[in-house]
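Okay, so here's the structure we're looking at.
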Amino acid sequence: MYWSSYISGLVLGLGVCSLHCSLVLLPMTVRLGTTWQTGLRTAVLFSAGKTLVLSVYGGLAMVLGLLLYDLLHNMWISFIAGLVVATMGIWFLLSSGSCGCLVRRGSPFLVGLVDGAVPCAATSGFLLFLATQEGTLISGLLSGLFFGLGTASGPILLVCGVAPRIWKRFSQKPSAPWILRIAGSSIFFLWALLILTGSWV
């Protein structure tokens with residue numbers, strides 16, 4: 001099961017998950033550094049936060065079964081999640097993803113935690129699969145861990161490594177910081193809108 005969990009995450013990481021995570025990560029990546037090392041570091045921290053949450057979800061899916069799936073798709077939980085993501089959009093717009101040195105350095109990990117806590121359709125499908133399987137808490141934790149590692153193995157690392165160099169050339173323009181803030185916050189607001197819309201339909 002662990003190998004298949006990793007392959008599932010890898011396949012999704014090559015497609016929809018990579019696109020989704022890149023849209024969330026790229027504005028933050030270019031804000032936090034101008035070298036490929038800082039880009040990779042941002043991607044790794046984000047993936048670590050997301051994988052941690054997916055591991056916990058995997059364990060709970062094994063223990064709680066379909067109850068976890070129902071809880072994650074509860075109208076009020078989705079509503080609160082949407083508000084949290086919208087707040088992150090306001091934070092990025094007003095401070096360009098930075099609230100002091102400590103939070104700035106840890107922000108990719110925090111965003112990864114939020115991204116993992118608000119599962120997309122692909123992740124929800126994986127958790128639904130686990131919820132229908134028989135297993136222990138440990139097997140669920142490991143399945144979630146390998147799934148998260150699979151999604152992190154996609155092209156997102158390469159994209160985050162290249163992004164700071166491209167941004168370094170573009171950032172000389174006076175309007176560049178505001179373009180970054182608007183682009184990044186718009187992604188968060190769109191993400192929040194999708195969550196909030198889905199919670200009431």
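General observations
- Model label sites at L66 and I138, defined 7 Å from Cα along the beta-carbon direction, differ in position by 2.9 nm.
- Descending by average beta-carbon neighbour count within 10 Å, the peptides 41-52, 181-192, 75-86 line up as 41-52, 181-192, 75-86, the highest first.
Rule-based calculations on the coordinates, nothing more; no lab input. This is a predicted model, so every value here is computed, not measured. Every residue, glycine among them, receives a Cβ derived from its backbone with ideal geometry; neighbour counts consider all protein chains shown.
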